[in-house]
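For reference, the structure is listed below as structure tokens.
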Amino acid sequence: MHKLEPDHIILPKLHPSMYLMHKYWARKPHNIVAAYIKKYSSEGEIVLDPFCGSGVTIAESLILGRKAIGIDVNPFSIFLTKNTIIHVDVELLELIFDLLKEKVESYNNFYEVKCPYCHDLAEISHIIWKGDIAKVDFGSGVQTEVNISLVNVKVGEYVLVHVGYALQVIDKEAAEETLQLWEELLNNS
Ligand SMILES: C[S@@+](CC[C@H](N)C(=O)[O-])C[C@H]1O[C@@H](n2cnc3c(N)ncnc32)[C@H](O)[C@@H]1O
């Protein structure tokens with residue numbers, strides 16, 4: 001069995017535009033994925049990614065002359081992967097883009113806001129939903145805001161938190177045991 005390590009450190013590059021058509025959490029850096037594909041497969045071989053996410057491994061495999069099979073439990077992942085690797089007729093795309101642009105141009109001002117500080121006009125590019133936010137105490141005085149829209153939780157209960165979301169309400173005993181473990185780990189590090 002090969003040891004899954006490259007021979008040297010590879011620094012991740014920023015995602016090029018082909019991977020930025022839609023956000024997908026945990027998208028992997030294309031240059032590192034490509035280095036692994038080159039190291040562990042040859043041209044013409046098949047690369048299988050059973051957790052293909054936004055499709056970086058699939059697209060890099062095709063770019064490097066491999067065949068690729070992608071699987072994911074999330075149907076949006078399959079949609080995004082397919083649309084990342086699909087052949088595009090650029091002229092037709094530009095034509096359709098111009099038609100659409102003309103139709104939606106009048107909505108552009110919906111995204112204009114006045115900066116409260118400099119009073120210049122600015123464009124809204126991202127909106128962050130701030131509803132269903134609760135303060136969670138992680139012990140040792142560490143508190144942070146967490147989104148609780150996925151759980152039905154009351155003040156005083158314990159939750160399992162991942163990437164800013166409370167995912168599950170957990171019982172007091174299990175929670176206190178985990179907090180105790182964290183404290184021991186922190187004190188011994
Ligand atoms: C970190 S992403 C994968 C990144 C991807 N390999 C790449 O090259 O960018 C993890 C993916 O695993 C998928 N996943 C999680 N559990 C799964 C399962 N049981 N079967 C298939 N896909 C799963 C998720 O939907 C998510 O898209």
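The values are calculated or read from the model by the stated rules, or taken from the named source; none is laboratory data. No experiment lies behind these values; they were computed from the predicted model shown. Cβ placement follows ideal geometry from the backbone for every residue including glycine, while neighbour counts extend to all protein chains displayed.
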When every residue in region 53-77 that is more than 8 Å from the ligand (Cβ to nearest atom) and farther than 22 Å from Tyr36 by Cα is compared, the one surrounded by the most Cβ atoms within 10 Å (Cβ to Cβ) is Phe76
Report whether or not Lys67 is among the charged types (D, E, K, R) and modelled with pLDDT under 95. no
Among (1) hydroxyl-bearing (Ser, Thr, Tyr); (2) part of a loop (DSSP other than H, G, I, E, B); (3) surrounded by fewer than 10 Cβ atoms within 10 Å (Cβ to Cβ), Tyr107 falls short only on (2)
Problem - Some residue of region 143-160 being of a type in the set (D, E, K, R), in a loop (DSSP other than H, G, I, E, B) and out of contact with any Leu (no Cβ under 7 Å at 6 or more places or on another chain) - result: yes
Per the list (1) surrounded by 13 or more Cβ atoms within 10 Å (Cβ to Cβ); (2) within 14 Å of the ligand (Cβ to nearest atom), residue check on Ala26 breaks on (1)
Contact list, first residue from region 177-189 and touching a residue at least 40 places away in the same chain (Cβ under 8 Å), second anywhere and of a type in the set (Phe, Trp, Tyr) and surrounded by 10 or more Cβ atoms within 10 Å (Cβ to Cβ), beta-carbon distance below 9 Å, six or more apart or interchain, is Leu179/Phe138; Leu179/Tyr158; Trp182/Phe138
Exception for His87 within (1) within 18 Å of Tyr19 (Cα to Cα); (2) more than 13 Å from the ligand (Cβ to nearest atom); (3) assigned to a helix (DSSP H, G or I) falls at (3)
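Just to verify a result, which residue in region 30-52, among those that are within 9 Å of the ligand (Cβ to nearest atom) and part of a loop (DSSP other than H, G, I, E, B), is surrounded by the fewest Cβ atoms within 10 Å (Cβ to Cβ)?
Going residue by residue through region 30-52, those that are within 9 Å of the ligand (Cβ to nearest atom) are 30, 33, 49-52.
Keeping just the survivors that are part of a loop (DSSP other than H, G, I, E, B) gives 50-52.
Values: Pro50: 9, Phe51: 12, Cys52: 21.
So the residue we want is Pro50.
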